[in-house]
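In what follows, a structure is listed as structure tokens, so that the remarks can point back to it.
The values are calculated or read from the model by the stated rules, or taken from the named source; none is laboratory data. Since the structure is predicted, the reported quantities are computational estimates derived from the model, not experimental observations. Note: ideal-geometry Cβ built from the backbone for every residue, glycine included; neighbour counts use all protein chains shown. These accessible areas exclude ligands, DNA and RNA; they are computed on the full protein's heavy atoms, side chains included. Shrake-Rupley method; radii C 1.70, N 1.55, O 1.52, S 1.80 Å.
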Amino acid sequence: MNLTLKIWRQKNADTKGKVVTYQVADISPDMSFLEMMDVLNEQLIDKGDEPVAFDHDCREGICGACSLQINGEPHGPDRGITTCQLHMRRFKDGDTIVIEPFRAKAFPVIKDLVVDRSSFDRIQQAGGYISVNTSGNTQDANSIPIEKDNADMSFYAATCIGCGACVAACKNASAMLFTSAKVSQFALLPQGEVEADRRVLQMVEQMDKEGFGNCTNTGACEIECPKGISLENIARMNREYLKASVK
């Protein structure tokens with residue numbers, strides 16, 4: 001496959017970026033998208049040019065670091081996968097592919113296709129945890145009965161990998177799906193009830209501080225989420241937030 005790549009290049013957060021066009025040839029349809037990017041970078045290095053910076057870690061669809069906007073879609077044209085799981089067979093010989101970083105005020109560009117998603121970490125740190133005193137008070141988790149439906153929904157929420165696709169897909173750059181998944185993960189379990197009010201208030205407050213937009217129920221976030229996190233979590237977080245606010 002021969003492809004034309006239009007890639008966002010930006011030296012750092014303080015410089016103006018631009019789209020640069022590259023040609024790549026002899027790309028195997030069995031390559032992953034990141035392997036194709038590796039081929040491009042090898043060509044650039046051989047020519048003495050600066051390689052394209054892009055984020056990645058596990059390349060197994062687990063970490064979510066490989067977040068790229070591909071032809072206007074977070075993680076590309078497939079559903080239920082991250083960029084590293086996207087294969088070049090989804091494109092045709094001669095295609096032009098536009099590759100950009102996730103666009104959001106709260107995800108500032110570090111370099112080229114790499115963005116700073118530490119805003120997600122700060123939301124998590126604001127309340128996405130359970131404080132338990134384990135000094136001589138340990139208890140077997142299996143001794144606490146939990147309804148299977150609640151346990152299943154909690155586990156589904158916990159599959160969120162924090163890649164930021166929900167933010168990139170949203171016209172408002174909202175982080176409601178991410179935040180609600182982290183709230184729901186604990187709100188559905190008895191272990192999370194003790195800090196439930198403080199958790200949702202602090203996490204929503206931090207989300208607003210980071211500069212994310214509000215949810216207008218477009219639903220693009222759920223469609224583009226590689227783990228299929230449900231919009232039901234946003235409704236649950238709104239209920240939790242209202243309940244905590246009136247106490």
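See the values below:
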| read-out | value |
| --- | --- |
| Among (1) touching a Gly at 6+ places or on another chain (Cβ under 9 Å); (2) touching a residue at least 60 places away in the same chain (Cβ under 8 Å); (3) surrounded by fewer than 17 Cβ atoms within 10 Å (Cβ to Cβ); (4) charged (D, E, K, R) - the single one ARG122 does not satisfy | (1) |
| Residue match in the stretch 199-208 (condition: of a type outside the set (A, V, I, L, M, F, W, C), buried (at least 19 other Cβ atoms within 10 Å of the Cβ) and in contact (Cβ under 8 Å) with a residue 12 or more places away in the chain) | yes |
| Residue among SER180, SER230, SER184, SER143 that alone is over 24 Å from the mean Cα position of the chain (by Cα) and among the small types (Gly, Ala, Ser) | SER143 |
| Residue match in the stretch 102-123 (condition: among the small types (Gly, Ala, Ser), closer than 21 Å to LEU34 by Cβ and in contact with a helix residue (DSSP H, G or I) (Cβ under 7 Å, 6 or more places away or on another chain)) | no |
| In the stretch 6-20, the residues that are open to solvent by 40 Å² or more (accessible area, probe 1.4 Å) and assigned to a loop (DSSP other than H, G, I, E, B) | LYS11, ASN12, ALA13, ASP14, THR15, LYS16 |
| Given (1) part of a loop (DSSP other than H, G, I, E, B); (2) at pLDDT 95 or above; (3) surrounded by fewer than 16 Cβ atoms within 10 Å (Cβ to Cβ), index of the condition ARG103 fails | (2) |
| Residues of the stretch 21-40 that turn out to be open to solvent by 20 Å² or more (accessible area, probe 1.4 Å) and free of Cβ contacts under 8 Å to residues at least 60 places away in the same chain, as a count | 10 |
| Residues being in a loop (DSSP other than H, G, I, E, B), of a type in the set (S, T, N, Q) and out of contact with any strand residue (DSSP E or B) (no Cβ under 8 Å at 6 or more places or on another chain) - total across the stretch 40-94 | 1 |
| Some residue of the stretch 65-81 being open to solvent by 40 Å² or more (accessible area, probe 1.4 Å) and more than 25 Å from GLN23 (Cβ to Cβ) | yes |
| Qualifying residues in the stretch 223-247 (those that are closer than 11 Å to MET176 by Cβ and out of contact with any helix residue (DSSP H, G or I) (no Cβ under 7 Å at 6 or more places or on another chain)) - the one least open to solvent (accessible area, probe 1.4 Å) | ALA235 |
| Condition broken by THR216, with the remaining ones in (1) among the β-branched types (Val, Ile, Thr); (2) under 26 Å from GLN69 (Cα atoms); (3) not in a loop (DSSP other than H, G, I, E, B) satisfied | (3) |
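Yes/no per residue for (1) closer than 30 Å to ALA13 by Cβ; (2) assigned to a loop (DSSP other than H, G, I, E, B); (3) in contact with a Leu (Cβ under 9 Å, 6 or more places away or on another chain); (4) open to solvent by less than 50 Å² (accessible area, probe 1.4 Å):
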{"site": "VAL132", "(1), (2), (3), (4)": "no, yes, no, no"}
{"site": "ILE146", "(1), (2), (3), (4)": "no, yes, yes, no"}
{"site": "VAL167", "(1), (2), (3), (4)": "yes, no, yes, yes"}
{"site": "LEU177", "(1), (2), (3), (4)": "yes, no, yes, yes"}
